[in-house]
C-alpha cells in the first residue's frame, strides 16, 4: 500500500503528498517504517553525546560545502566564497 506497493500511481501520489507536507508544514513523520526501536534509541543517544561535545570537537567533523554529511553550524554554506 502507498509508496511500498510499487504501484507507479501510488508512489507518485505518496511523493506528491510528501512534497506538499514539506512545502506547507516544513516536515513530515514516517510511521510503520520497520526500523528497530532499539536502533533508533541508540542513534538518539549517540546524537546527544555528539551535540554535547565542545564546539572544537564537533568542528573536526565539519561539513564541506557541497557535501551532505558532517557537522554544520548555523552559518555553514550561507556565505558566497568569492565575496570579499
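No lab work stands behind these numbers, since they all come straight from the coordinates. Remember, predicted model here, so these are calculated numbers, not experimental data. Cβ placement follows ideal geometry from the backbone for every residue including glycine, while neighbour counts extend to all protein chains displayed.
Starting from residues that are assigned to a helix (DSSP H, G or I) and over 16 Å from the mean Cα position of the chain (by Cα), keep the ones in the stretch 27-49 and report whichever is nearest to residue 17 (Cα to Cα).
Going residue by residue through the stretch 27-49, those that are assigned to a helix (DSSP H, G or I) are 37-49.
The next check asks that each one be over 16 Å from the mean Cα position of the chain (by Cα); those that pass are 37-39, 41-42, 45, 49.
On the way: 37: 26, 38: 29, 39: 27, 41: 28, 42: 30, 45: 31, 49: 34 Å.
The extreme case among them is 37.
Which members of the stretch 56-68 meet the condition of being in a loop (DSSP other than H, G, I, E, B) and either in contact (Cβ under 8 Å) with a residue 12 or more places away in the chain or on the phi < 0 side of the Ramachandran plot (or both)? Outline the logic, then answer.
The first filter runs over the stretch 56-68 and keeps only residues in a loop (DSSP other than H, G, I, E, B), leaving 63-68.
Scanning the stretch 56-68 gives 63, 64, 65, 67, 68.
Can you say whether residue 53 is in a helix (DSSP H, G or I), surrounded by 10 or more Cβ atoms within 10 Å (Cβ to Cβ) and either without any contact (Cβ under 8 Å) to a residue 24 or more places away in the chain or on the phi < 0 side of the Ramachandran plot (or both), as far as the supplied structure shows? Please lay out each step first, then the result.
Numbers: in a helix (DSSP H, G or I): no; surrounded by 10 or more Cβ atoms within 10 Å (Cβ to Cβ): yes; either without any contact (Cβ under 8 Å) to a residue 24 or more places away in the chain or on the phi < 0 side of the Ramachandran plot (or both): yes.
The answer is no for residue 53.
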